[in-house]
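The values are calculated or read from the model by the stated rules, or taken from the named source; none is laboratory data. Note that this is a predicted model, so its numbers are computed, not measured. All Cβ positions, even for glycine, are placed from backbone atoms using ideal geometry, and neighbour counts span all protein chains on display. Ligands, DNA and RNA are excluded from the accessible area calculation, which covers all protein heavy atoms including side chains. Shrake-Rupley method; radii C 1.70, N 1.55, O 1.52, S 1.80 Å.
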Amino acid sequence: MTVRITRLHAVEILDSRARPTLAVTLTTADGTRVRAGVPAGASTGTREAVELRDGDRSRYGGQGVLGAVGHVNGEIAQALTGRGFASATDVDRALIELDGTGTKSRLGANAVVGVSLAAWRAEAALAGQEVWQHLARVAGTAPRLPVPHFNVVNGGAHAADGLDFQEFMLAPLGAPDLPEAVRAGAEVYARLKARLSAGGHATGLGDEGGFAPALDRPEDVLQLLVDAITDTGRTPGRDGMALALDPAASAFRDAADGLYHVAGDALTGDRLIDRYEEITDRFPVWSLEDGLAEDDWDGWVRLTARLGDRVQVMGDDIFVTDPAVITRAVGGNVANSALIKVNQIGTVTETLDALRVCRDAGYAQMVSHRSGETDDAFVADLAVGSGCGQIKSGAPARGERVAKYNRLIEIADSHPALPFGLAAR
Ligand code: PGA
Ligand code: ZN
């Protein structure tokens with residue numbers, strides 16, 4: 001199927017954090033018109049593809065993206081329009097070549113990913129398929145509805161509370177289907193809010209729609225979550241509602257002393273692993289993302305050896321959705337699963353490569369939104385099409401978060417034969 005782009009247009013819009021990002025519109029020769037919104041992280045890995053910000057302090061505090069917009073409307077449009085591409089993968093290859101840096105830093109990963117997402121959407125439309133169906137066909141995967149991971153308490157770089165751990169998630173592993181999983185997440189979220197209010201805590205929200213209470217010990221939050229789960233009549237644990245953590249540990253390791261600072265304790269990597277072990281003894285935590293800092297590879301080997309058979313040890317900042325880094329990790333027994341974010345690597349093609357490397361190695365995968373989002377729900381389709389079985393898109397609240405969960409509900413409704421739940425590995 002030839003993708004012939006006749007028009008490519010970007011505009012600077014706002015993301016969910018009042019920061020500028022790009023919306024890209026792509027039109028093909030047959031008149032198909034698709035749109036993509038570009039996400040942005042706050043607790044980013046240092047090796048992520050480089051997004052381009054204007055740095056002009058007189059606009060949006062330097063966060064403007066007019067340079068990236070200009071690249072889409074100028075150089076990228078010039079290079080891509082009027083040409084016939086055999087596939088969206090070829091569009092991605094052309095983008096990578098045009099940028100020429102390996103990190104997307106010249107054109108901007110935010111410009112590149114916007115065009116890539118739009119190209120894949122256009123190719124799906126040309127094939128008369130839903131995006132998830134198209135992705136599954138190209139990748140050769142069996143589609144599956146993922147277990148949503150609802151980030152219901154926000155800390156770290158996503159909130160101004162005292163929590164060092166960034167994300168506390170509900171994982172309805174025992175739900176019979178996707179709509180029931182969403183319902184479980186929303187009902188526990190409501191009970192959690194009631195408990196926080198009753199305990200005299202503020203119920204304002206962090207960047208991903210989770211609560212941001214003035215608590216600092218992660219164990220206190222986990223106990224609240226278990227209580228809120230029990231309030232709804234559900235069973236805490238893998239047969240009912242499990243929990244997942246993304247401490248995002250790079251953010252609380254002090255470069256000066258090399259120690260991890262958690263709720264007033266200064267811990268070596270090994271003592272932090274002890275703490276995680278205690279946490280998994282006490283609470284039904286089934287997945288632990290970025291438990292150690294991204295450059296602490298030796299620590300990750302020990303973390304994986306110690307906890308890898310009882311929890312999913314997941315790499316985010318350490319892997320940055322880079323197939324080459326994940327390949328190295330597999331060889332070195334680092335983690336046993338990977339978080340997958342399209343804008344960390346910059347194109348859908350490279351993201352599918354990262355997913356394939358994981359599948360081949362028996363590493364589980366979780367598709368993820370970013371803390372800065374738009375109403376674009378591409379990641380929902382990516383999670384279903386890749387068949388990876390897991391997604392995280394923040395709380396079951398705030399429009400940009402529920403856009404993804406609602407997209408999953410609609411896919412489940414229109415394709416009742418799709419399986420739901422974790423993928424076999
Ligand atoms: P980010 O955080 O989108 O702000 O980078 C998400 C995560 O760490 O998983
Ligand atoms: Zn993370």
Rank these by accessible area, largest first, 1.4 Å probe: LYS392, LYS193.
-> LYS193, LYS392
Please report the orientation-averaged projected area of region 10-64, defined via the convex hull of its C-alpha atoms, in nm².
-> 4.9
Between the alpha carbon centres of region 264-310 and region 352-388 the gap in Å comes to 24
Mean projected area (nm²) from the convex hull of Cα positions in the chain is 19.3
CD proxy at 222 nm, helix term only [per DSSP H run n ≥ 4: -39500 (n - 2.57); per residue of the chain; nearest 500] = -11500 deg cm²/dmol
Cβ-based charge dipole, the chain, positive-most Cα from THR32, ILE345, GLY64 = THR32
Would you kindly derive the ³J(HN,Hα) couplings of region 335-346 from the backbone phi angles with the Karplus curve 6.51 cos²θ - 1.76 cosθ + 1.60 (θ = phi - 60°), listing them in order in whole Hz, with x for Gly and Pro?
-> 6, 9, 6, 9, 7, 10, 10, 4, 7, 5, 10, x
Whole-angstrom gap from region 173-204 to region 49-109, using each part's C-alpha centre | 40
At 37 °C and 0.692 mPa s, what whole-number value in µm²/s does Stokes-Einstein give for the translational diffusion of region 307-425, with Rh from the Kirkwood sum over Cα pairs?
-> 223
Of all the Cα-Cα pairs you can form in region 25-113, what percent are over 23 Å apart?
-> 27
So how strong a dipole does region 299-425 carry about its Cα centre when Lys and Arg Cβ are +1 and Asp and Glu Cβ are -1, to the nearest 20 debye?
-> 500
Within a Gaussian network of the chain (alpha carbon springs, distance under 10 Å), most fluctuating of ASN336, ASN151, ASN110 | ASN336
Just the projected area, averaged over all directions, of the convex hull on the alpha carbon atoms of region 172-224: how many nm²?
-> 4.2
Once amide hydrogens are built 1.01 Å from N within the peptide plane, the residues lying 5 or more places from VAL153 or on another chain with amide H under 5 Å from its amide H are PHE168, PHE211
Go through region 362-372 residue by residue and turn each phi into a ³J(HN,Hα) via Karplus (6.51, -1.76, 1.60, θ = phi - 60°); whole Hz please, and just put x for glycine and proline.
-> x, 8, 5, 9, 10, 7, 9, 6, 10, 5, x
Working note, region 252-308: Cα radius of gyration (Å, one decimal) and Dmax (Å, whole number) are 11.1, 34
How large are Rg and Dmax for region 185-322 when only the alpha carbon atoms are used, in Å?
-> 15.7, 46
On the accessible surface of the chain, probed at 1.4 Å, how many percent belong to carbon and sulfur atoms?
-> 48
FRET E, pair SER414, ALA256, Förster distance 35 Å, beta-carbon r, rounded to 0.05 | 0.05
Under the rule rounded for a/c under 1.5, else prolate if a/b exceeds b/c, else oblate, using alpha carbon gyration tensor axes a ≥ b ≥ c, region 67-166 is classed as oblate
Average accessible area per residue (Å²) across region 164-258 - probe 1.4 Å, nucleic acids and ligands excluded = 38
Virtual spin-label span in nm between THR230 and ALA86, 7 Å along Cα→Cβ = 6.1
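With both partners inside the chain, how many of the DSSP beta bridges are antiparallel, as a percent to the nearest 5?
60
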Determine ³J(HN,Hα), in whole Hz, for all residues of region 349-360 in sequence, where each value follows from phi through the Karplus function 6.51 cos²θ - 1.76 cosθ + 1.60 and θ = phi - 60°; x replaces Gly and Pro.
-> 4, 5, 5, 5, 4, 4, 4, 5, 4, 4, 4, 4
Residues with amide H under 5 Å of ASP376's amide H, sequence separation 5 or more or different chain, H placed in the peptide plane at 1.01 Å from N; which?
-> GLY37
